[in-house]
1. Out of A36, A353, A156, any idea which swings most in a Gaussian network model of the chain, alpha carbons joined below 10 Å?
2. For region 143-150, what does the Karplus curve 6.51 cos²θ - 1.76 cosθ + 1.60, with θ = phi - 60°, yield as ³J(HN,Hα) per residue in whole Hz, taken in order and with x for Gly and Pro?
3. Run the dipole for the chain about the Cα centre, Lys and Arg Cβ at +1, Asp and Glu Cβ at -1, nothing else charged, and hand back the magnitude in debye, nearest 20.
4. For region 114-169 and region 344-377, write down the distance between their C-alpha centroids in whole Å.
5. With bins 10 Å wide starting at 0, give me the P(r) of region 263-370 over every alpha carbon pair, in whole percents.
6. Between S268, S369, S304, which gets the highest mean-square fluctuation from a Gaussian network model of the chain, Cα cutoff 10 Å?
7. Viscosity 0.692 mPa s, temperature 37 °C: give me the Stokes-Einstein translational D for region 321-383 in µm²/s, with Rh taken as the Kirkwood radius over C-alpha pairs.
8. Hey, what's the Cα Rg ratio for region 63-164 versus the globular rule of thumb, 2.2 N^0.38 Å?
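A short reminder: the numbers here are calculations on the coordinates, not readings from a lab. No experiment lies behind these values; they were computed from the predicted model shown. Here the Cβ positions follow ideal geometry from the backbone for every residue, glycine too, while neighbour counts run over all protein chains shown.
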Amino acid sequence: MTERRAWVLCGLLFAATALSFLDRQVLSVLAPQLTAEFGMSNAVYSRVVFAFVLSYTVMFALGGRLMDALGTRLGLTLSLGLWSLASGAHALAAGAWSLGAARFLLGVGEGACFPGATKGAVEWMRPEKRALAVGLANGGSAFGAVAAPPLTVWLASAFGWRGAFAATAVLGLLWLAAWQTAFRGLSTPGPAPGKRAGVSFRSLFRRPEVRRLMIARFFFDPVFYFYMFWIPQYLARERGLSLAEIGNLTWIPFFALGVTNIAAGRVSDVLVKRGWKPRRARMTLMLAAALLTPASWLASLAGSAGTAIALMSVLMFAHGIWIANFITLIGDTVAAEEVGTSVGLTGTAGGIAGMLSSLVVGPVVDRFSFTPVFAVSALLYPAAWLILAASRRRAVEQVAAGVEA
């Protein structure tokens, strides 16, 4: 595969991850309207969110394994096709139960997206350009989240909330057509049978460096789940913003995330080219990011909605630096044929934490406010960095050196 073709495919991976976040954020933006129409409390809404996170969590690991088995082309075709159908199913919801069922199906489809995007970027790019490729492939998620608020508000105003969900299904079908066209004339076989047989959950669980990556993600992922699913509710409930005002503001933190997701990958690659060991480059940038995340707690104390959005943008700016380097660190740590499964395992660990946190956030907000949630979110990235820093560096560097060789 030529480098030019590889970048085209990475661009489509960018579009795929953008669609994944666009599709899941439509509900978040419309949450104030749907909770009122269906008579849902925050606790009931948290169970709808839980349905997505449950299936997404399970399919993150299984989907990663599927990507390693089938290859990125076929795996993402199946994944995106399924979640596009699930997006359309939201338009048929008549209450909390049917809405939750559509969310569950959406999670089944989307679970394999990020393992597939990471796997493709790692396989198609040389090591010295890997972090940028991974940042680009995964960075689409933030720009999907940027587009979601204004696009959803416009679609809901023009066609109703059901039309907003239906439109995302159509976008998915258009992506599938472009994806198949991009591979025309290109042979992209899956992994060799011998390598595929060597990828197993058990073998990865036995490796301490993989376990630490999973534990770290268990700590930091709940913060991002909170930002994805609850910020519109926070702005409506505690800041008194209308749906239109939410659409005009909530794209800003995700734009900060998108820019840093890609830029941080480039900075990381530059450090490696200058002689830094890959792990040192990733961990240094992740430390800088972790030190910025207490801004999340300050957001709940801000005197205005604008200041709160600015402080939330600092958190998302930091998350962009963090996640680009964290995902690349996984690619540095395991062999190429293990990337999808390994990313999937860490995503499942984070999803379990996201499930648990989603069931806690709703009742806490109903009884108290969003402030305790913001306060806890300020501590989790530093804790995750300490977990990664405590790993046995010599073992990790030996594995990374073997992968690069």
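1. A36
2. 6, x, 5, 5, 6, 4, x, x
3. 1140 debye
4. Result: 23 Å between the Cα centres.
5. Binned Cα distances yield the sequence 14, 30, 34, 17, 5, 0.
6. Of S268, S369, S304, the Gaussian network model singles out S304 as fluctuating most.
7. After rounding, the answer is 238 µm²/s.
8. Values: Rg = 16.1 Å, N = 102, 2.2 N^0.38 = 12.8 Å.
Ratio of Rg to 2.2 N^0.38 Å for region 63-164: 1.26.
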